[in-house]
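Only one structure is covered here, and it is reproduced in the block below.
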Amino acid sequence: MSGTHDEAFGDDGSDEAFADLTDLTDSTDSTDSTDFTDSTHFTDDALDTGLLEEELRQAAAILDPVPAELRRIAVDAFALHDLDARVAELTFDSLVDAIPVRGAEDPPRMLTFRVDDVTVDVEVTEDGLIGQLLPPGPADVEVLSGPRAHARLTADDLGRFTGEAPPPGPFALRLRTGGDVVVTEWLRA
């Protein structure tokens, strides 16, 4: 044996255990029919999967294409993404959470959005929308309906704002108060 082998294992007999281990690893079962050194088996499967995936994409594009309007809305929504904006979550919607009032025809839709210490209450009717920002204070309010603002409103010192009814389809509100930007979740009027 070489001197480096003796230094590595010492004279306590541990080199015999190493020899036994190498004997076990050298004696592989020759009856095993799987040859893992043949990489063509794996690459053929990968190629087949890639071709199948591409064929499925083409079939989906032909049989069930993404509607142009939906693609436009998705691109527009991404264009509106504000990295510095805080998103106010919808915490109350009268269409879902309110108890119906007997005899009331077409009641206004009441919405409440919250993020941290900011609350935005909005009432949506056919005639327009009325809202209030809490804590009260002046703010610039934009009614969003795509990549551009549908309407620009101003909240007074008490945080109140009014405007036209939001357009049909998805809309959101973007509020700018001082240095903060708050954007509500998107929903339909």
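The values are calculated or read from the model by the stated rules, or taken from the named source; none is laboratory data. Just so we're clear, the structure is a prediction, and the values are computed from it rather than from any experiment. FYI the Cβ positions are ideal-geometry reconstructions off the backbone, even for glycines, and counts take in every protein chain you see. Heads up: the accessible areas ignore ligands, DNA and RNA and are worked out on the full protein's heavy atoms, side chains in. Shrake-Rupley method; radii C 1.70, N 1.55, O 1.52, S 1.80 Å.
Quick one: which of 127-135, 92-100 comes out on top by average Cβ neighbours within 10 Å, and what's the full order, highest first?
Ranked from most to least packed, the peptides come out as 127-135, 92-100.
Where does each of 149-155, 108-114 land if you order them by average Cβ count within 10 Å, highest first?
108-114, 149-155
If I stretch the segment between Ala85 and Ala149 completely, what's the gain in nm (0.36 nm per residue apart, minus their alpha carbon distance), one decimal?
Result for the pair: 21.5 nm of gain on full extension.
If I ignore ligands, DNA and RNA and count only protein heavy atoms, how much of Glu54 is accessible to a 1.4 Å probe, in Å² to the nearest 10?
90 Å²
All other residues with a Cβ under 12 Å from the Cβ of Leu153 taken together, and with Lys, Arg as +1 and Asp, Glu as -1, what is their net charge?
Residues close to Leu153 contribute a combined charge of 0.
If you stretched the chain out fully between Ala77 and Leu134, how much longer would it get, using 0.36 nm times the residue separation minus the C-alpha to C-alpha distance?
Here the segment from Ala77 to Leu134 would lengthen by 17.9 nm.
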